[in-house]
Amino acid sequence: MNIEWLEVFREVAARGSVTAAGQSLGYTQPAVSRQISALERATGARLFDRMPRGVRLTEEGRCLLGHAEAVLERMRAARQDLEALRNLDAGRLRVGAFDSADAALVPRALASFRAAHPGVCLSVIEGNTTAQLGRLRDGEIDIAVVSAYPHQALDADHLDLLHLLDDQLMVALPAGHRLARRSVLRLADLAGESWIEGYPDGSATLADAGRHAGFRPRIEFAVREWTAKQGFVAAGLGLSLVPSLVAGATRPDIVLIPLHPGDAPVRKVHAATLRGVATPPPAIAFLRCLEEAARDLPVAATRRSG
């Protein structure tokens with residue numbers, strides 16, 4: 001059943017005249033008559049009695065009118081809701097990100113998005129790149145903030161990737177360390193140091209970097225989370241490799257110094273959406289917020305000291 005037929009039917013019923021309804025809707029009188037006839041055929045009901053002056057609803061017409069008004073009201077509400085989604089006055093945004101992206105990059109982007117679009121419901125789930133890409137494929141999130149080193153390939157055939165930044169590795173040292181005033185560190189200079197690392201990917205990265213520099217790093221304490229690592233480093237119990245993404249969330253009694261790019265690979269950070277799937281308007285807007293947040297992050301080479 002054509003929605004337009006119902007709109008014409010309601011207008012004729014309200015005005016009691018095919019001609020008046022046509023003038024109100026911008027249709028000719030024959031066009032209105034054809035649509036009423038089509039609706040009568042579709043419903044198998046006679047909807048109007050033709051009177052000398054105008055038309056009058058039949059009993060069947062009065063029955064249909066209530067249903068027609070309900071359907072048209074639902075369609076009006078649906079159009080309003082769809083318009084709200086397009087205008088970002090409503091809807092939802094589901095973001096997945098790896099842990100160090102949640103230190104500053106993602107929160108800054110979310111804050112900017114929320115300020116511009118407070119009616120959109122936001123949710124974030126944390127996990128590594130593999131987990132986030134799985135959630136993206138399963139439709140559990142709209143955007144995945146992911147990372148990859150040069151030797152790691154993302155599924156570019158099924159993903160649209162927006163490059164956000166290059167995330168350089170840095171060395172966290174206690175503020176009083178003998179090398180704390182260096183502008184850049186070579187890993188070979190740290191061969192005799194103790195290390196703090198408990199995250200599986202971080203341990204593998206540290207081991208690979210040390211092997212490249214000609215030594216096997218001695219991991220003294222297996223500590224997984226960055227907050228705890230800072231406490232161990234500040235207490236002088238060892239050093240830690242950290243991504244530049246966490247540079248803005250470092251305590252003042254720790255110094256972060258960039259590691260020479262020849263000693264460790266630089267990972268690329270992307271925002272990923274699923275190719276071939278309609279990207280919802282909130283996700284499109286959030287991609288712009290991520291780009292702006294990435295540009296505004298503190299320069300990775302900036303050192304912080306107490």
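Taken together, the values in this text are just the output of simple stated rules run on the coordinates, not laboratory data. Since this is a predicted model, take the numbers as computed values, not measurements. Backbone-built Cβ (ideal geometry, glycine too); neighbour counts: all protein chains shown.
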To check you understand DSSP bridge types, tell me what percent of the beta bridges within the range 159-306 (both residues inside) are antiparallel, rounded to 5.
75
Along the range 202-213, Karplus-curve 3J(HN,Hα) (6.51, -1.76, 1.60; θ = phi - 60°) to the nearest Hz, with x for Gly and Pro, reads x, 5, 5, 5, 4, 5, 5, 5, x, 4, 5, 8
State to the nearest 20 debye the size of the charge dipole of the chain about its Cα centre, where the only charges are +1 on K and R beta carbons and -1 on D and E beta carbons.
460
Using the Cα gyration tensor of the range 169-258, with a ≥ b ≥ c the square roots of its eigenvalues, what is the shape: rounded (a/c below 1.5), prolate (a/b larger than b/c) or oblate (neither)?
rounded
Once phi for every residue in the range 105-112 is put through the Karplus expression 6.51 cos²θ - 1.76 cosθ + 1.60 (θ = phi - 60°), the whole-Hz ³J(HN,Hα) values, with Gly and Pro written as x, are 4, 5, x, 5, 5, 5, 5, 5
Below 8 Å, C-alpha to C-alpha, sequence gap of six or more: please give me the relative contact order for the range 3-86 in percent.
28
Hey, can you grab everything whose amide H is under 5 Å from the amide H of Ser240? Only 5+ residues off in sequence or another chain; H modelled, so Pro and N-termini drop out.
Ala172, Ile196
Cα pair distances of the chain binned at 10 Å [whole percent]
6, 21, 20, 14, 10, 8, 7, 7, 5, 1, 0
Using Cα centres only, tell me the gap between the range 76-155 and the range 222-246 in whole Å.
28
Taking 131-144, 32-45 and ranking on average Cβ neighbours within 10 Å, highest first, one gets 131-144, 32-45
For the range 3-86, the Cα gyration tensor yields equivalent-ellipsoid semi-axes (√(5λ), largest first, whole Å) of 24, 15, 11
Only bridges whose two residues both fall in the chain count here: according to DSSP, what percent of them are antiparallel, nearest 5?
65
Taking 8 Å as the Cα distance limit and 6 or more residues as the minimum spacing, I'd like the relative contact order of the chain as a percentage.
21
Normalised by the residues of the range 169-258, what does the relative contact order come to in percent, with Cα pairs under 8 Å and at least six apart?
50
Could you run the Karplus curve 6.51 cos²θ - 1.76 cosθ + 1.60 with θ = phi - 60° over the range 124-141 and give me ³J(HN,Hα) per residue in whole Hz, x for Gly and Pro?
9, 10, 9, x, 6, 4, 4, 5, 5, 5, x, 5, 5, 5, 7, x, 7, 9
